[in-house]
Amino acid sequence: MHVLKLHFAIIRYCCGLLLLLFLPAVMAKSITIAASPWQGLTHADGSGLYFQIFREAMATQDVKLNFRLSNWKRAKHMFYAKRADVLLADYRHEDPSRLYPRWHLDYDQSVQLYSLQPLQNLAQLQGRPVGWMLGYDFDQYLPVPVERYEVATEEEGFMLLQHQRLAAFISYQSHQPDPMVLPLYSLEILAAQPLYPLFQNDFEGRQLARAYDLGMAQLYRSGRLAELHGNQARYQHARYEQVK
């Protein structure tokens, strides 16, 4: 009987060791990151500069990252419906419900308003159809109300502008078509802004944001952020030195 009890005790001890061995993998937190597909930055296979920076910033945490791509409107809805833990990436807004880290992910490009005819002022657009990509809500940077027209692709927006279905189309500077193909007038409505990952404003979100900030600081000090950007001009555009 004594031998049998000893045998069971050894089995329980071994099972306990196995449980401790595999516990970190079982307990690993899985977080969902919602984003829109941006060429070179966020791809469906988890590659892209933004995903890689975020992945390495969170590398010391026992978390599994699940990247979910959709159009920007759906990505935002997913985050605000609390079906995603992180939203990559958005401007800083004065909204207490949004939790921003100290470190931005990148600097966006300037936002331009494109038109076929020159505009004396933006007030001329009042009540007229103006387009932009789904979910971008660029009308918030206009001084007058316009007829909102959201499009699925940049190409669609510029095509509608070319065929005079839109009075103006708002997009980023790098998306402007070849001037030889489609000559346009442009007007900057928003200067380049830092882009931040958004975290849920709760205990877990604050923990994740803190971990992200610590990771970004380490990547910056080690020179790894510069390596990830590859191109020196691209790295300088991100303006990480502004983080205090």
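The values are calculated or read from the model by the stated rules, or taken from the named source; none is laboratory data. A quick note: this is a predicted structure, and the numbers were derived from the prediction, not measured. So basically every Cβ, Gly included, is an ideal-geometry build from the backbone, and we count neighbours across all protein chains shown.
Scan the stretch 44-72 residue by residue and report those that are part of a helix (DSSP H, G or I) and either without any contact (Cβ under 8 Å) to a residue 40 or more places away in the chain or among the polar types (S, T, N, Q) (or both). It would help to see each step written out before you state the result.
Here is the first cut: in the stretch 44-72, the ones part of a helix (DSSP H, G or I) are 49-57, 72.
Selection gives 51, 52, 55.
In the set 218, 164, 200, 232, which member is closer than 21 Å to residue 139 by Cα and either at pLDDT below 95 or out of contact with any helix residue (DSSP H, G or I) (no Cβ under 7 Å at 6 or more places or on another chain) (or both)? Walk me through it before giving the result.
Values: 218 fails: closer than 21 Å to residue 139 by Cα; 200 fails: closer than 21 Å to residue 139 by Cα; 232 fails: closer than 21 Å to residue 139 by Cα.
It is 164.
Please work out which residue is surrounded by the fewest Cβ atoms within 10 Å (Cβ to Cβ), limiting yourself to the stretch 59-82 and to residues that are within 18 Å of residue 134 (Cα to Cα) and aromatic (Phe, Trp, Tyr).
80
Among the candidates 199, 169, 203, 138, which residue alone is of a type in the set (Phe, Trp, Tyr) and in contact (Cβ under 8 Å) with a residue 60 or more places away in the chain? Show your work before the answer.
Numbers: 169 fails: in contact (Cβ under 8 Å) with a residue 60 or more places away in the chain; 203 fails: in contact (Cβ under 8 Å) with a residue 60 or more places away in the chain; 138 fails: in contact (Cβ under 8 Å) with a residue 60 or more places away in the chain.
Going through 199, 169, 203, 138 in turn, the sole match is 199.
Are there any pairs with C-beta distances below 6 angstrom linking a residue in the stretch 142-154 that is surrounded by 14 or more Cβ atoms within 10 Å (Cβ to Cβ) to a residue that is assigned to a strand (DSSP E or B), with the two at least 6 apart or on different chains, and if so which?
Note: pairs meeting the criteria are 146/130; 147/129; 149/129; 149/131; 151/131; 154/171.
Identify the single condition in (1) part of a strand (DSSP E or B); (2) of a type in the set (A, V, I, L, M, F, W, C); (3) closer than 29 Å to residue 241 by Cβ that residue 130 does not satisfy, given that it satisfies every other one.
With respect to (1) part of a strand (DSSP E or B); (2) of a type in the set (A, V, I, L, M, F, W, C); (3) closer than 29 Å to residue 241 by Cβ, residue 130 is out only on (3).
Anything in the stretch 60-88 that is at pLDDT 95 or above and touching a helix residue (DSSP H, G or I) at 6+ places or on another chain (Cβ under 9 Å)? List them, or say none.
65, 67, 68, 69, 70, 83, 84, 85, 86, 87, 88
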